[in-house]
Structure formats: structure tokens, C-alpha cells
Amino acid sequence: KKECIAWEWAFFTEVCGIAKDRLVVTIYQDDDEAFEIWTKHVGLPAERVFRFGEKENFWPAEAPSKGPNGPCGPCSEVYYDAFPSQPLPAKAGLESLPGDRFTEVGNCVFTQFDRQSDGSLKPLPQKNIDVGLGLERIAAVLQGAKNNFETELFRPYLDHLGKVSGIVYGKDGPSDIRMRRIADHVRAVTFCIADGALPSNEGRGYVVRKILRAGFDSSSATLP
């Protein structure tokens, strides 16, 4: 746990080159071990560590109170701050970080408990850490994009849609949503076909056909 947290911090600050004052972290409300690692081992100021309940910082969400039984554990998430010059949110009564300011770019799930039928959390004999890193979110942060769809991963799709439809992306909210939907579905279908899954009326091909039809049927107003 100590090593994994340090490695994730090093990835964002050293490998990705994100300034330390642009990052905050969240931990499960009772995870004093994670708090100590973040503040004493990594050196993150305590005011940049937010404690949240089982809905936000436990996997599966709300497992301590609602289950399911089996492997579970607290998690610690890393967020990018879009407005670092502004004061940090007051912690009192805060249940989650404001989504219009903070973007989750990574997390560590500490699968260290085995939830029993009576609701107790029994320590696992073999603990596990699952690290999650969002490629598209990280790309958006590093490229200064407003969202995943305005990164170099998606922007070519949107630009091409603009050419064939005559609609300029970024000028109209509803049209932007439809164009993002088409771009997302086109990319998904492209990967499927590249893997040999062609549109058909059965099996995986049926799924590909549904993705293709859903993307364009619900976005027809975007097309000429």
C-alpha cells in the first residue's frame, strides 16, 4: 500500500509532469493508514487529502453497509484541479469533490477485506491493490482539453463530422452532444471490426450492429 501510493504519485508528478499543486487525493473516511502514507511518506499537505464515505471511496460502493459479501476494500483517488488558484473546498459536510473543478485521473483500490454475511470485514490473507488510470482523462489533462472528446484521440472524428455535416463543433450544445455520440460509436465499431467482429444479426456481430445503429439513429439531426 505504501509503495503503490508512492508509485502512483510519482507517475503523475514525475512521468506525466503534472504540478503537485494541481493534484488532490481522496481516501475512505476510516483509512488512517492511507492518510498517513499520503501526508507523511509522500509529503502531501493534509488539506489536500479529503476523506469521504463508503459511497465515494470504497469498492464495491457502499459494500460495508449493503454488500455484496466477498473481497472489498477502501480506495484512494487522485484528482486534477482545474482551478488551483482558488481556495480548496471546505471539508465540513462535503460528500464528494465538485465535478466542475476536479477530474479523477487515477485510483488505488485496496482490496484488503472479505465481507462476511454478518456485515463484518475480515482481513484477507492475501491482499490486493487494483490501480486504475484513465488514459483519456489523463490525455485531456496533459493536452489542456476541456473533456475527453476534445483530445487528439477524438478531435479528428469531430472535425470530419463537421465537414460532412456542415455543422461546426463547439457552436451548439445539442449538436455537440450528437457529434460526440457519433464519434464515440464510430471509434468503438472501428475497433470491433479491426478485431474481426463484423455487423450481423447474431452474436457479437449483433452487438456491433446495435452500436452502429444506436450511434446514428439517435444522432440523425447532426447529419445532412
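Counting DSSP beta bridges with both partners in region 93-194, what percentage is antiparallel, nearest 5?
About 100 percent, rounded to the nearest 5.
Helix-derived [θ] at 222 nm for the chain: sum -39500 (n - 2.57) over DSSP H runs of at least 4, divide by residue count, nearest 500?
Counting only the DSSP helices, I get -10000 deg cm²/dmol.
Could you tell me what percent of the accessible area of region 65-139 is made up of carbon and sulfur, with a 1.4 Å probe and every protein chain present?
Ligands and nucleic acids excluded, carbon and sulfur reach 52 percent.
Take each complete run of DSSP H in the chain, measure how far its Cα atoms stretch along the helix's own axis, and keep only those covering 18 Å or more with mean Kyte-Doolittle hydropathy at least 0.0; list them.
The qualifying helices are 173-194.
So, for the chain, what is the accessible surface per residue at a probe of 1.4 Å, expressed in square angstrom?
56 Å²
Specify the residue with the greatest mean-square fluctuation among Val42, Val131, Val168, computed from a Gaussian network of the chain linking alpha-carbon atoms under 10 Å apart.
Most flexible of the set in this elastic network: Val168.
Full extension from Asp114 to Glu95: what is 0.36 nm times the residue separation minus their Cα-Cα distance, to one decimal in nm?
Full-extension gain reported as 4.3 nm.
Looking at region 105-168, which trypsin sites (Lys or Arg not before Pro) are in a loop (DSSP not H, G, I, E or B) and have at most 11 other Cβ atoms within 10 Å?
Counting only loop positions with at most 11 other Cβ atoms within 10 Å, the trypsin sites (Lys or Arg not before Pro) in region 105-168 are Lys146.
So which GluC sites (Glu not before Pro) in region 129-210 pass both tests, a DSSP loop state and at most 12 other Cβ atoms within 10 Å of the Cβ?
Those that pass, being in a loop and sparsely packed, are Glu152, Glu202.
Could you tell me which of Phe35, Pro64, Ala188 has its Cα farthest along the dipole of the chain towards the positive end, charges placed at Cβ (Lys, Arg +1; Asp, Glu -1), taken about the Cα centre?
Looking along the dipole axis, the top candidate is Ala188.
Find how many whole Å separate the alpha carbon centroid of region 133-164 from the alpha carbon centroid of region 76-98.
So the separation of the two Cα centres works out to 24 Å.
Enumerate the aspartates and glutamates that Lys66 could reach by cross-link, defined here as Cα to Cα under 15 Å, with residues fewer than 8 away along the same chain left out.
Glu54, Glu56, Asp114, Asp118
So I have (1) -0.41, -0.74, -0.84; (2) -0.27, -0.51, -0.61; (3) -0.38, -0.67, -0.78, and one of them is log10 I(q)/I(0) by the Debye sum over Cα atoms at q = 0.08, 0.11, 0.12 Å⁻¹ calculated from this model. Which one is it?
Read-out taken from this structure: (1).
Can you compute the FRET efficiency between Phe83 and Leu133 using 1/(1 + (r/R0)^6), with r the Cβ-Cβ distance and R0 = 22 Å? Round to the nearest 0.05.
Computed FRET efficiency for Phe83 and Leu133: 0.45.
Tell me whether region 120-224 comes out rounded, prolate or oblate; compute the Cα gyration tensor, take square roots of the eigenvalues as a ≥ b ≥ c, and use a/c under 1.5 as the rounded threshold.
Because a/c hits 1.5 or more and a/b fails to exceed b/c, region 120-224 counts as oblate.
For region 45-172, what class follows from the C-alpha gyration tensor (a ≥ b ≥ c being the square roots of its eigenvalues): rounded when a/c is under 1.5, otherwise prolate if a/b is larger than b/c, else oblate?
Judged from the Cα gyration tensor, region 45-172 comes out prolate (a/c at least 1.5, a/b above b/c).
For region 27-129, state which chymotrypsin sites (Phe, Trp or Tyr not before Pro) are in a DSSP loop and have at most 13 other beta carbons lying within 10 Å of their beta carbon.
Qualifying residues, ordered by number: none.
Considering only Ala194, Ala61, Ala183, give the residue with the highest GNM mean-square fluctuation for the chain, with springs between Cα atoms whenever their separation is below 10 Å.
Looking only at Ala194, Ala61, Ala183, the biggest GNM fluctuation is shown by Ala194.
Determine the percent antiparallel among the DSSP beta bridges restricted to the chain, to the nearest 5.
Looking only at bridges with both residues in the chain, the antiparallel portion is about 85 percent.
Taking θ as phi - 60°, what are the ³J(HN,Hα) couplings along region 43-55 by the Karplus curve (6.51, -1.76, 1.60), each to the nearest whole Hz, with x for Gly and Pro?
x, 6, x, 4, 5, 9, 10, 10, 9, 10, x, 5, 6
Check cross-link reach from Lys20 to the lysines: straight Cα distance under 27 Å, and skip same-chain residues fewer than eight apart.
Within reach: Lys1, Lys2, Lys40, Lys55, Lys91, Lys146.
Quantify, in whole percent, the carbon and sulfur part of the accessible surface of region 1-48 (1.4 Å probe; protein heavy atoms only).
49 percent
The values are calculated or read from the model by the stated rules, or taken from the named source; none is laboratory data. For clarity, every value in this text was computed on a predicted model and none was experimentally measured. Glycine gets a Cβ as well: all are built from the backbone with ideal geometry, and neighbour counts include every protein chain shown. With ligands, DNA and RNA removed, areas are computed over all heavy atoms of the protein, side chains included. Shrake-Rupley method; radii C 1.70, N 1.55, O 1.52, S 1.80 Å.
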